[in-house]
Amino acid sequence: HLAALVLARGGSKGIPLKNIKLLAGVPLIGWVLRAAIDAGVFQSIWVSTDHDEIEKVAKQFGAQVHRRSPEVSQDSSTSLEAITEFLNHHQEVDIVGNIQATSPCLHPSDLIKVADMIQKEGFDSVFSVVRRHQFRWSEVKKGENKMTEPQNLNPAKRYRRQDWPGELYENGSFYFAKRHLIEKGYLQGGKMAYYEMRAEHSVDIDIDIDWPIAEQRVLSFGYFGKEPLKEVKLLVCSIDGCLTNGRIYVTEDHKEMVSYDYRDIVGIDLLKKRGIQVRLISDRDCSKTLSAMQLRCVAKVNVTNKLQVLKDWQEDMGLSWKEVAYLGNEESDVECLKQAGMSGVPADACAAAQKAAGYICKSRGGCGAVREFAEHIFLLLEKVNSARKQ
């Protein structure tokens, strides 16, 4: 029994609740859970945590949850202690694949190969490394009267990068080990091997300054699911709560007024310039509002079945679902979010919509969420175009 185990303590000191902070619209832990599930090599997939919110997110992504004890949830607790506790509660597990929650560019192909190494080739432990081409020098502490010394180079004959194989460093992405080894107090030992990951997949988030860089790396090299990405050709956006903030102001003479963010209008224009159709949808009759906004988009209002309208548009345009994006925020949008190839919600969307979406905006509805989702679409289009060139 090979079990994937992600350790996700709630008390991160660097970034509060780092493990479920949104990275490129997905909770950090969601990236590795998606890879583990799609790898198809694990008999069970677990998240070990002491926090209710992390448990909630883990279950949303299809993992089982082991509630770790306070004794192994301290700042001083080690990964080995948490893994050992997990094994004590799960006697059926023979091998643990300890996957680090903070490695969002992990791909299923890596996990499949490592599972073969430990199950078919007979290794007791396998861990991930990355190759680096960095010259090391000895440290000279302040006040010491000595010179630094080269550690892995001859300064008189420096290697060119292409002439030097570099060195292997642990990147912490995963550690696979058999039960008998862990029970002896080791994660690495016995018949031992490393697995070299591609440098672009070796992303580890330790400090807050890494976050923007990691988002760009994930959008370029992350794993987005089994189906290949396709170029989005249609964005359907819910009006109330996405394009507007959902508030309706009523004057004394019974006229309705809503507010919107000009950045969202710019986002819609940019989508159109990229050849992406934008269509709007609403549960209520807001035709006067749309007329006043002068968006020049196809719109459907007073809709009782949003999914049916979405299907009609998709079929009329002859698109696959992978070419359709949907931005919604309410329970009436949930089925559309599940169906669309790319889905997003504003930061203040209802819980059901957030659970169904693939991307959660940092912006609230009516406050730049449409523009933000448009930027997300553009970044993924760059990924599609890059894949085509390769």
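Listing for the model above:
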{"quantity": "Given (1) without any contact (Cβ under 8 Å) to a residue 60 or more places away in the chain; (2) under 17 Å from SER44 (Cα atoms); (3) in contact with a Lys or Arg (Cβ under 6 Å, 6 or more places away or on another chain), number of the condition GLN60 does not satisfy", "calculated": "(1)"}
{"quantity": "Residues of region 96-121 satisfying the condition of being farther than 30 Å from TRP211 by Cα and either surrounded by 11 or more Cβ atoms within 10 Å (Cβ to Cβ) or of a type in the set (A, V, I, L, M) (or both)", "calculated": "ASP116, MET117, ILE118, GLN119"}
{"quantity": "Output for region 252-278, where each listed residue is touching a strand residue (DSSP E or B) at 6+ places or on another chain (Cβ under 7 Å) and in a loop (DSSP other than H, G, I, E, B)", "calculated": "VAL258, SER259, ILE276"}
{"quantity": "Among the residues listed as LEU33, LEU87, LEU22, the single one being at pLDDT 95 or above and surrounded by fewer than 20 Cβ atoms within 10 Å (Cβ to Cβ)", "calculated": "LEU87"}
{"quantity": "Out of GLY246, GLY267, sole residue that is open to solvent by 30 Å² or more (accessible area, probe 1.4 Å), of a type in the set (Gly, Ala, Ser) and in contact with a helix residue (DSSP H, G or I) (Cβ under 7 Å, 6 or more places away or on another chain)", "calculated": "GLY246"}
{"quantity": "Test for LEU295: is it buried (at least 17 other Cβ atoms within 10 Å of the Cβ), part of a loop (DSSP other than H, G, I, E, B), in the same structural domain as ALA356 (by the TED database) and out of contact with any Cys (no Cβ under 6 Å at 6 or more places or on another chain)", "calculated": "yes"}
{"quantity": "Count - residues of region 39-53 that are at pLDDT below 95 and part of a helix (DSSP H, G or I)", "calculated": "2"}
{"quantity": "Subset tally (residues that are assigned to a strand (DSSP E or B), among the hydroxyl-bearing types (Ser, Thr, Tyr) and in contact (Cβ under 8 Å) with a residue 60 or more places away in the chain) for region 312-343", "calculated": "1"}
{"quantity": "Matching residues, region 132-150, being closer than 18 Å to GLY166 by Cβ and open to solvent by 80 Å² or more (accessible area, probe 1.4 Å)", "calculated": "ARG132, GLN134, ARG136, TRP137"}
{"quantity": "Within region 230-243, tally of residues that are closer than 12 Å to GLY341 by Cβ and open to solvent by 10 Å² or more (accessible area, probe 1.4 Å)", "calculated": "3"}
{"quantity": "From the options GLY97, GLY11, residue that is in a loop (DSSP other than H, G, I, E, B) and either of a type outside the set (Asp, Glu) or modelled with pLDDT of 95 or more (or both)", "calculated": "GLY11"}
{"quantity": "Leading residue by the ranking (modelled with the highest pLDDT) among those in region 198-213 that are over 15 Å from the mean Cα position of the chain (by Cα) and within 20 Å of HIS107 (Cα to Cα)", "calculated": "ARG198"}
{"quantity": "Of the criteria (1) on the phi < 0 side of the Ramachandran plot; (2) within 36 Å of the chain's Cα centre (by Cα); (3) exposed (fewer than 15 other Cβ atoms within 10 Å of the Cβ), which one TYR159 fails", "calculated": "(2)"}
{"quantity": "So GLY318, is it over 18 Å from the mean Cα position of the chain (by Cα) and at pLDDT 90 or above", "calculated": "yes"}
{"quantity": "Matching residues in region 279-292 - criterion: being among the small types (Gly, Ala, Ser), open to solvent by less than 70 Å² (accessible area, probe 1.4 Å) and either closer than 19 Å to GLY365 by Cβ or in a strand (DSSP E or B) (or both)", "calculated": "SER282"}
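The values are calculated or read from the model by the stated rules, or taken from the named source; none is laboratory data. Model, not experiment: these values are computed from the prediction. A quick note on method: Cβ atoms are made from the backbone with ideal geometry, for glycine too, and the neighbour counts reach across all protein chains shown. Areas reflect the complete protein model, heavy atoms only, side chains present, ligands, DNA and RNA absent. Shrake-Rupley method; radii C 1.70, N 1.55, O 1.52, S 1.80 Å.
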